[in-house]
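First up is the structure itself, then whatever we jot down about it.
The values are calculated or read from the model by the stated rules, or taken from the named source; none is laboratory data. It should be emphasised that the depicted structure is a prediction, and the values quoted were computed from it without experimental measurement. All Cβ positions, even for glycine, are placed from backbone atoms using ideal geometry, and neighbour counts span all protein chains on display. Side chains included, ligands, DNA and RNA excluded: accessible areas come from the protein's heavy atoms. Shrake-Rupley method; radii C 1.70, N 1.55, O 1.52, S 1.80 Å.
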Amino acid sequence: MRWVTFQELDAAAREALERGALDEAEGLLRQALSLNPGALPVRINLAACLALQNRAGEAEALLRDVLEDDPNYLFPRALLATLLAQAGRMEEAAAEAATALRQALATPPTPDAADQLVSALALLDDDQGLRQLAATLTPLAGRLGPETLL
């Protein structure tokens, strides 16, 4: 099937990511970005796709580009903290996670951003950060998955 619009490419790429068809998802995401290079969510999805393919350096570069365009975008900052922690770069990961936590405490995060931040804080064994985030997330409990609140 040939995708013709940015929205169709984006939807097909997200579906391919959910299926674990990473090569297909990457191709679709790159096509979508050729139509709309400024689409931050598509750039973040491409970074996630690259990370899942063990291409952390490329993923990190994309996330840093996204954060340069929008430093207050919580999800990519939390994803970057997670990638850095997984790579054993704990000081850098802790700095990104601290910034993400300050953002999340100031403005309640979306469920996806909250889940990603919980992952980063857990990898960093940041119990205090997890407790602070839990206090912020408790009023949002109906919108979050049970694993986020644990």
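A compact table of results
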quantity: Test: residue in the range 85-93 that is touching an Asp or Glu at 6+ places or on another chain (Cβ under 7 Å) and at pLDDT 95 or above; calculated: no
quantity: Close pairs from the range 83-99: first of a type in the set (D, E, K, R), partner open to solvent by less than 20 Å² (accessible area, probe 1.4 Å) and modelled with pLDDT of 95 or more, Cβ under 7 Å, at least 6 apart; calculated: Glu92/Leu84; Glu96/Leu80; Glu96/Ala81; Glu96/Leu84
quantity: Residues satisfying the stated conditions in the range 43-78, i.e. part of a loop (DSSP other than H, G, I, E, B) and either under 12 Å from the mean Cα position of the chain (by Cα) or among the small types (Gly, Ala, Ser) (or both); calculated: Tyr73
quantity: Residue ID - surrounded by the most Cβ atoms within 10 Å (Cβ to Cβ), chosen from residues in the range 84-138 that are at negative phi and in a loop (DSSP other than H, G, I, E, B); calculated: Pro109
quantity: Members of the range 54-75 that are crowded, with 20+ Cβ neighbours inside 10 Å and within 24 Å of Ala135 (Cβ to Cβ); calculated: Leu74, Phe75
quantity: Breaking point among (1) modelled with pLDDT under 95; (2) surrounded by fewer than 16 Cβ atoms within 10 Å (Cβ to Cβ); (3) part of a helix (DSSP H, G or I); (4) not hydroxyl-bearing (Ser, Thr, Tyr), for Arg2; calculated: (3)
